[in-house]
Amino acid sequence: MSETHTPPREFESDQPQDLPGWPKTIGIISIVWASLGLVCNSCGFAGPMIGRFFAGMAPPEKQAEIQQQMAANQPPAFLYVIMLGKVVLSVVLLSAGIMLLSRKAASRTLHLAWASLALLLVIGALVLGIMHAPEQAKKAQEAIAGAGPGAAGASFMSTSGALIGMAVGGAVITAIWPIFCLVWFGLMRKQPEAGIAEITA
């Protein structure tokens, strides 16, 4: 009597199916974007303090001239508040990107929170920049007219239109990633095919 051989059953793995690759891609971009924001805004925020430190090391006969030049090129006070806010938000985005690489569910909420706050900050910076453009243009024109300290750095900022254009251009560039994150994570559904279900806390 011939024996009936039952074909071997395929090995049933308990491992999850291939996970989607988008968390790694978006997580890396968020980390890079946050790192750039952290470095640039930290340098901008600390710039005046560093400038005053090096001005104090200059020869005495040059210190007055350097201080006048720094005063002529002094950014408006609201820019420091914005830069400080961007530093804090960069830390938030950096954390969100790292969490996304680890596929933690909280990364989605953190990205949405960051994107919302970042867009509010961009809009606020744009409005304040437009409001203060005439004042900054006037300071630049006075520096150029007197050919005094700060004239060289003020020549390209001597009109309100130029300053407003710079503000709008900066706002557009800064808003690219927050808008993408709002769309991507805001429209994401917690479904396996969307990849969000595989992100475990």
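The values are calculated or read from the model by the stated rules, or taken from the named source; none is laboratory data. Predicted, not measured: the structure shown is a model, and the values here were computed from it. We work out accessible area using only protein heavy atoms, side chains counted, and drop any ligands, DNA or RNA first. Shrake-Rupley method; radii C 1.70, N 1.55, O 1.52, S 1.80 Å.
Give, in nm to one decimal, the length gained when the segment between Val88 and Leu120 is fully stretched (0.36 nm per residue of separation minus the Cα-Cα distance).
Full extension from Val88 to Leu120 adds 10.1 nm.
Considering only protein heavy atoms, what is the solvent-accessible area of Met99 at a probe of 1.4 Å, reported in Å² to the nearest 10?
Accessible area of Met99: about 50 Å².
Sort Phe45, Phe185, Phe78 from largest to smallest accessible area, using a 1.4 Å probe on the heavy atoms of the protein chains.
Order by accessible area, largest first: Phe45, Phe78, Phe185.
What accessible surface, in Å², does a 1.4 Å probe find on Leu101, ignoring ligands, DNA and RNA and rounding to the nearest 10?
Taking all protein chains as shown, Leu101 has close to 80 Å².
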